[in-house]
1. Only Cα pairs under 8 Å and at least 6 apart count here; give the relative contact order of segment 88-127 as a rounded whole percent.
2. Over the chain, calculate the relative contact order: mean separation of alpha carbon pairs under 8 Å at least 6 apart, over the residue count, as a percent.
3. Please report 51, 60 as a ranked list, fewest other C-beta atoms within 10 angstrom at the top and most at the bottom.
4. Order these by the 10 Å Cβ neighbour count, fewest first: 76, 90.
5. Determine, from the Cβ-Cβ distance of residue 83 and residue 27 and an R0 of 30 Å, the FRET efficiency 1/(1 + (r/R0)^6), rounded to the nearest 0.05.
6. Of (1) 14.6; (2) 16.4; (3) 15.3, which one was derived for Kirkwood radius over Cα pairs in Å from the structure shown?
7. List 107, 56 from most exposed to least, where exposure is judged by having the fewest other Cβ atoms within 10 Å.
8. Taking the alpha carbon gyration tensor of segment 1-49, what are the square roots of 5 times its eigenvalues, largest first, to the nearest whole Å?
């Protein structure tokens, strides 16, 4: 979460393995992630762009940058949330993602919301 009462976004993540879209024999493991972005601040702000760092178990790193999320640049009023689901392919059954959202408040202040590292894993791989 970004510190300060005026500019404060929180990000929560849920992940799911997609066996029907995966091909372990071809080293392709598909994962979905659902992100909930919440404006916890006192000023409206718009998500402009994203930067993801995706790392598989072989330490292969992919960086993904782009405008908005799933084709949208949501403007969030205070206490408003935006949720979306997207996905990624890994070459290993375990990996991680982390990143940032670049945000502009209605007063023109630019800030980042940090997305803490989260794990992508085929069920029972981490037991």
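Each value in this text was obtained by applying a stated rule to the coordinates, not by laboratory testing. It should be emphasised that the depicted structure is a prediction, and the values quoted were computed from it without experimental measurement. All Cβ positions, even for glycine, are placed from backbone atoms using ideal geometry, and neighbour counts span all protein chains on display.
1. 45
2. On the way: 312 pairs, mean separation 36.6, N = 127.
Computed value for the chain: 29 percent relative contact order.
3. So the ranking, lowest neighbour count to highest, is 60, 51.
4. On the way: 76 20, 90 25.
Ranking 76, 90 by Cβ neighbours within 10 Å, fewest first, gives 76, 90.
5. Working: r = 31 Å, r/R0 = 1.02.
Once rounded, the FRET efficiency stands at 0.45.
6. (3)
7. Values: 107 10, 56 20.
Fewest-to-most ranking of 107, 56: 107, 56.
8. Numbers: eigenvalues 248, 17, 12 Å².
For segment 1-49, the semi-axes come out at 35, 9, 8 Å.
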